[in-house]
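Visitor: Can you keep this structure in mind? I'll have questions shortly.
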Amino acid sequence: MLTLKRARPAARALTSVLLAAATVTALSHSASAADSLASAAAGKGRYFGTAVAANHLGEAAYANTLDQEFGAVTPENEMKWDATESTRGAFTFTAADQIVSHAQSKGMKVRGHTLVWHSQLPSWVSGLAASDLRTAMNNHITQLMQHYKGKIYAWDVVNEAFQDGSSGARRSSPFQDKLGNGFIEEAFRTARSVDPDAKLCYNDYNTDGVNAKSNAVYAMVKDFKSRGVPIDCVGFQSHFNSASPVPSDYQANLQRFADLGVDVQITELDIEGSGAAQATSYGTVVKACLAVTRCTGMTVWGVTDKYSWRSSGTPLLFDSNYAKKPAYDAVLAALGGTGGGGGGGTGATCTVTFARTADWSDGYNGEVTVKAGSSPITGWSVPVAFASPQKVTALWNGSPSWDAGGTVATVRPTYNGSLAAGASTSFGFTVAKNGSSALPAVGACTAS
Ligand code: G3I
């Protein structure tokens, strides 16, 4: 403790010199056109989106990663029936509105998820008799679509209505059991009448390859198209793991649906695993979408492994510290992104690690190590969010630019922007705790 306290004034003196130098030599980082997932996908005429949870939008590293990388959002739970109409006729849009306005302010598309689904369904709905249930279903669709009219790119009108396994049958649900097979058609007709500009999708899982379940969905879509039932798109959730890997006929399956005259979208992509194997599977999925002209976009089911619905399987593109994973590099490469011109095909990338290097009663020192990926880099930037009311009293070997609230620093190099492939540098800071011992949230590293 004594040693650390004695070291601080010296560190402060040094850091103020470095900070002054940093102010003069600060690099202005500018992202190249294709160094985010969204911009690379846009270059291929596709969107690249993510599921978003409203309660994480206040976390700087989460919001920064979302804003920097993604061009579309799907509310993960906030538009579901239990969230929007838990009591009959009383609609709540607060959390979903938060996501939609965030997306709109950043120019992102919004996928609406989901209007009619057997899960996350309030018990009052399951208890209704047929005619009342029909009224409630159509009213629910109408209220949600009216509220978001003009703001939604595509709605998952009906979700997961078919059984798993070899039967190809409809899943038992209050809608299926009381309204019969016609409930899906009715939901789509109601949806079209409310917002004719939104694309209307059927969305399901385990339909990613050719199998009994996808055959049953295929037959339904074919029937709808032949009878003029309004359907515009089919969503393939694409939740994969070792027991359920990316099917070898994934692209062929997307293509056969597209050939029916609907768009196809990858709607909830996540692939459990890590390293090269996970990266390869992600690359396969992205390439399949790009190879199908009517595959209009891809959505991963979450920003970071930290908040995934199956977090222990680490299925997403950013790890729980918001560092880009090999899967991220594979997706960016498959989308034709350059990562800012690092060369070598995979582009310039970097990752970060954080350590608290000293800790005392009213302060701490932190160190962020920036490591170049498999290509050399000439610049980097790292967002670091400090917990209010903490204050940074010194910062060295990096140049911070602060957000309006003074809690999030985007740190860029001073003298240490150029790193050979695999090489590291670090920057550090001293923080006055002001009563909070929380660690800062260190966001994803962006290389140029
Ligand atoms: O918000 C409450 C919290 O207050 C409470 O303390 C906690 C205790 O369990 O629960 C929290 O709610 C959970 C919610 O996620 C938010 O985290 C629910 O219990 C939990 O059931 C819910 O899980 C969601 C799941 O759908 C429900 O079926 C997942 O987040 C969501 O990722 C998942 O998404 C589905 C798609 O909608 C459809 N396709 C499959 C996909 C994965 O299951």
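The values are calculated or read from the model by the stated rules, or taken from the named source; none is laboratory data. All values reported here derive from a predicted model rather than from experimental measurement. Note: ideal-geometry Cβ built from the backbone for every residue, glycine included; neighbour counts use all protein chains shown.
Visitor: Of the residues Ile184, Ile231, which is β-branched (Val, Ile, Thr) and either farther than 19 Å from Val292 by Cβ or surrounded by fewer than 20 Cβ atoms within 10 Å (Cβ to Cβ) (or both)?
Guide: Ile184
Visitor: Got a sec? Which helices (runs of 4 or more DSSP H) wholly within region 93-182 have at least 1 residues that are within 16 Å of the ligand (Cβ to nearest atom) and touching a residue at least 60 places away in the same chain (Cβ under 8 Å)?
Guide: 130-147
Visitor: I'd like the full set of residues that are among the polar types (S, T, N, Q), within 14 Å of Ser308 (Cβ to Cβ) and within 16 Å of the ligand (Cβ to nearest atom), limited to region 49-73.
Guide: Thr50
Visitor: Condition first: farther than 21 Å from Trp309 by Cβ, under 23 Å from the mean Cα position of the chain (by Cα) and at pLDDT 95 or above. Can you find one or more residues in region 212-226 that meet it?
Guide: No: zero hits.
Visitor: For Thr65, all conditions in the list (1) touching a Pro at 6+ places or on another chain (Cβ under 9 Å); (2) closer than 27 Å to His147 by Cα; (3) among the β-branched types (Val, Ile, Thr) hold save one; what is the number of the exception?
Guide: (2)
Visitor: So, in region 260-314, exactly how many residues are more than 14 Å from the chain's Cα centre (by Cα) and on the phi > 0 side of the Ramachandran plot?
Guide: Number of matching residues: 3.
Visitor: Moving on to the next point. Just to be sure I understand, how many residues within region 61-79 are of a type outside the set (Asp, Glu), surrounded by fewer than 24 Cβ atoms within 10 Å (Cβ to Cβ) and part of a loop (DSSP other than H, G, I, E, B)?
Guide: Looking only at that region, the number is 2.
Visitor: If I filter region 341-360 for residues that are at pLDDT 90 or above, touching a Gly at 6+ places or on another chain (Cβ under 7 Å), crowded, with 17+ Cβ neighbours inside 10 Å and not assigned by TED's automatic domain parsing to the domain that holds Ala63, do I get at least one hit?
Guide: No; the residues of region 341-360 include none that is at pLDDT 90 or above, touching a Gly at 6+ places or on another chain (Cβ under 7 Å), crowded, with 17+ Cβ neighbours inside 10 Å and not assigned by TED's automatic domain parsing to the domain that holds Ala63.
Visitor: While we're on this one: If you scan region 361-375, which residues turn out to be surrounded by 20 or more Cβ atoms within 10 Å (Cβ to Cβ) and not in a strand (DSSP E or B)?
Guide: Selection gives Gly373, Ser375.
Visitor: For Ala31, indicate whether it is aliphatic (A, V, I, L, M), modelled with pLDDT of 50 or more and out of contact with any Lys or Arg (no Cβ under 6 Å at 6 or more places or on another chain). Before you say what the answer is, go through the steps one by one.
Guide: On the way: aliphatic (A, V, I, L, M): yes; modelled with pLDDT of 50 or more: no; out of contact with any Lys or Arg (no Cβ under 6 Å at 6 or more places or on another chain): yes.
No, not satisfied.
Visitor: Specify the residue that is surrounded by the fewest Cβ atoms within 10 Å (Cβ to Cβ); the eligible residues are those in region 264-314 that are within 16 Å of the ligand (Cβ to nearest atom) and in a helix (DSSP H, G or I).
Guide: Ser312
Visitor: When you scan region 363-381, do you find a residue that is touching a helix residue (DSSP H, G or I) at 6+ places or on another chain (Cβ under 6 Å) and in contact (Cβ under 8 Å) with a residue 12 or more places away in the chain, even just one?
Guide: no
Visitor: Within region 376-389, track down each residue that is closer than 21 Å to Ser437 by Cα and either of a type in the set (Phe, Trp, Tyr) or surrounded by fewer than 21 Cβ atoms within 10 Å (Cβ to Cβ) (or both).
Guide: Those that are closer than 21 Å to Ser437 by Cα and either of a type in the set (Phe, Trp, Tyr) or surrounded by fewer than 21 Cβ atoms within 10 Å (Cβ to Cβ) (or both): Phe386, Ala387, Ser388, Pro389.
Visitor: OK, next. Restricting region 187-228 to residues that are within 16 Å of the ligand (Cβ to nearest atom) and in a strand (DSSP E or B), which is surrounded by the fewest Cβ atoms within 10 Å (Cβ to Cβ)?
Guide: Among those that are within 16 Å of the ligand (Cβ to nearest atom) and in a strand (DSSP E or B), it is Asp204.
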